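Peer 1: Below you'll find the structure I mean.
The values are calculated or read from the model by the stated rules, or taken from the named source; none is laboratory data. Just so we're clear, the structure is a prediction, and the values are computed from it rather than from any experiment. Here the Cβ positions follow ideal geometry from the backbone for every residue, glycine too, while neighbour counts run over all protein chains shown.
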Amino acid sequence: MPARTGKEFIDRLNSSEREVYIHGEKVTRNLADHPAFRGLVRSYAELYDMQHDDELRATMTYPSPTTGEPVGRSFLQPRTHDELRSRRDMMKTWADHSMGMLGRTGDYLNSSLMAMAAAADWFGQVDPQFARNIVSYYEHVRENDLLLTHTLINPQANRAKATHEQADPFLAAGIVKETDNGIVVRGARMLATLGGIADEIMVFPSTVLRADPKDEPYSYAFAVPCDIPGLRFLCRESYDYGRSHFDHPLGSRFDEIDAVAIFDDVEVPYERCFMIRHPELLTRGRLYSETGALVHMTHQVVVKDLAKTEFMLGLMCKIADAIQIDGFQHVQEKIAQVIIALETLKGLLRAGEADAEVNQWGIMTPAWDPLNVCRNWYPRIYPEFVRSVWQLAASGLFGLPTEKDVFGEAAEDVERYLQAANIGGKERVRLFRLAWDAAVSAFAGRQEAYEFFFFGDPVRMAGALMYSYDRRPYMDRIDAFLHRDDEGS
């Protein structure tokens, strides 16, 4: 099946039988129509439909290497700078559609998978079958245009102890046993965003896995369908409250529900395994860095961040224009801060692409340092955007009536008393409800926290940045200066 349509995505999800728990309810069928998922599913369906838009088809798809049929461009394994940029254009088109509010669109894990498939020999160093498995899985996902989720994090029980030292050895998902057909997995994994509605889940090693033989049961990389027997998802509450797009313009469309993935003796076939045991290879994120997957995932995230920053800039400027505060210097300073951030993102993204090189696996790969700086810096600057929206909108964020009042019996009062300098009351409420959903609502709070922890603990990330960055030339320059006078002696 080539690049699918939104209807095909919805029909596949509704026909799937799985085990999802949300709001005290067990949902097994027709997830696409469930109130907690309906708005999000429709938004993802719109993304898939963009692949068939006459004006966007060339941007969003490319001919499959095996069938010649159009498949999603995020699966493209770039060999040239032009192909790398074409991937970015596709990713930006999707990111713009959600204003950067969807963090787990298909292109995120598609980017990871395409890089891993190119680096099949990395998996093959343990067993040639693992190399064949990752390539086969990549082709399966590409040709069926599947939506993936993933999970890397163990439950937060006792962080002072290693995984194998926990009171329950299968609190974190681990290998119970190996059979003639594969492995049996028991336990839980955290933060499977989209877990309820994705087609498949990639279960990969934790980035804090230790190179300890005792952690072998927790050392693995595999993927299974989300409706495989024994797998269930325990979801957080939905921030789509079933209200209109007017009342909750972002939450009603883009709330990617997070879930705990629980494996109740799930049987994973060997053909779906890409690594079994070998913690010495899977420790400290080696899989992601050594295959190039991390760079390409980060490339997608920086593109998403670019779209999100453009949205925040547009929103702040609309607020300032509506109530005529853009003449105040402190307002100008806040808007300038977002402009500076936007241009910084553009520059770092451009540097990453311009300095891209073919990696050892034959894939054109962005330069890591600019993207690594982005992923460390953006979680720290995004909360400033949120607070700037608070300060610009101020009291206007409170006392906002809902759609039923705006267009109901209170319409006259809304139009008269909630008007702005250059827009009527109804349009002002519409704009400020968007500001509320971007900066104040539960949806907004989740966005801010999610950005902060997108790639993990910011302190650990900063340490990784420092140690991975080549600082020696700058240290040598200091040494040379300190001994400059020695040259003439």
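Peer 1: Go through the stretch 392-406 and give me each residue that's part of a loop (DSSP other than H, G, I, E, B), surrounded by 14 or more Cβ atoms within 10 Å (Cβ to Cβ) and out of contact with any helix residue (DSSP H, G or I) (no Cβ under 7 Å at 6 or more places or on another chain).
Peer 2: Thr402
Peer 1: Kindly indicate which of Gln324, Gln300, Gln337, Gln329 is surrounded by 22 or more Cβ atoms within 10 Å (Cβ to Cβ) and at pLDDT 95 or above.
Peer 2: Within the list Gln324, Gln300, Gln337, Gln329, the selection yields Gln300.
Peer 1: Another question, if that's okay. When the residues of the stretch 1-30 are narrowed to those that are of a type in the set (A, V, I, L, M, F, W, C) and in a helix (DSSP H, G or I), which ends up farthest from Pro70 (Cα to Cα)?
Peer 2: As a first pass, look at the stretch 1-30 and keep what is of a type in the set (A, V, I, L, M, F, W, C): 1, 3, 9-10, 13, 20, 22, 27.
From what's left, in a helix (DSSP H, G or I): 9-10, 13.
On the way: Phe9: 16, Ile10: 20, Leu13: 22 Å.
This residue is Leu13.
Peer 1: Exactly one condition in (1) part of a strand (DSSP E or B); (2) more than 22 Å from Arg18 (Cβ to Cβ); (3) of a type in the set (Lys, Arg) is not met by Arg186; state its number.
Peer 2: Unmet for Arg186, out of (1) part of a strand (DSSP E or B); (2) more than 22 Å from Arg18 (Cβ to Cβ); (3) of a type in the set (Lys, Arg): (2).
Peer 1: Please give the number of the condition Arg272 fails out of (1) basic (Lys, Arg); (2) touching a residue at least 60 places away in the same chain (Cβ under 8 Å); (3) closer than 28 Å to Val459 by Cα.
Peer 2: The number of the failed condition is (3).
Peer 1: So which residues in the stretch 131-161 are buried (at least 17 other Cβ atoms within 10 Å of the Cβ) and over 25 Å from the mean Cα position of the chain (by Cα)?
Peer 2: The answer is Ala131, and nothing else.
Peer 1: Being part of a loop (DSSP other than H, G, I, E, B) and free of Cβ contacts under 8 Å to residues at least 40 places away in the same chain is the filter here; which residues of the stretch 303-345 pass it?
Peer 2: Asp326, Gly327, Phe328
Peer 1: Does Ala223 meet the test of being buried (at least 18 other Cβ atoms within 10 Å of the Cβ), in the same structural domain as Ala36 (by TED's automatic domain parsing) and more than 26 Å from Glu448 (Cα to Cα)?
Peer 2: Answer is yes for this residue.
Peer 1: I would also like to ask the following. For the stretch 402-419, does any single residue satisfy the condition of being over 27 Å from Ala259 (Cβ atoms), within 33 Å of the chain's Cα centre (by Cα), among the polar types (S, T, N, Q) and not assigned by TED's automatic domain parsing to the domain that holds Met99?
Peer 2: Scanning the stretch 402-419, I find at least one residue that is over 27 Å from Ala259 (Cβ atoms), within 33 Å of the chain's Cα centre (by Cα), among the polar types (S, T, N, Q) and not assigned by TED's automatic domain parsing to the domain that holds Met99, so the answer is yes.
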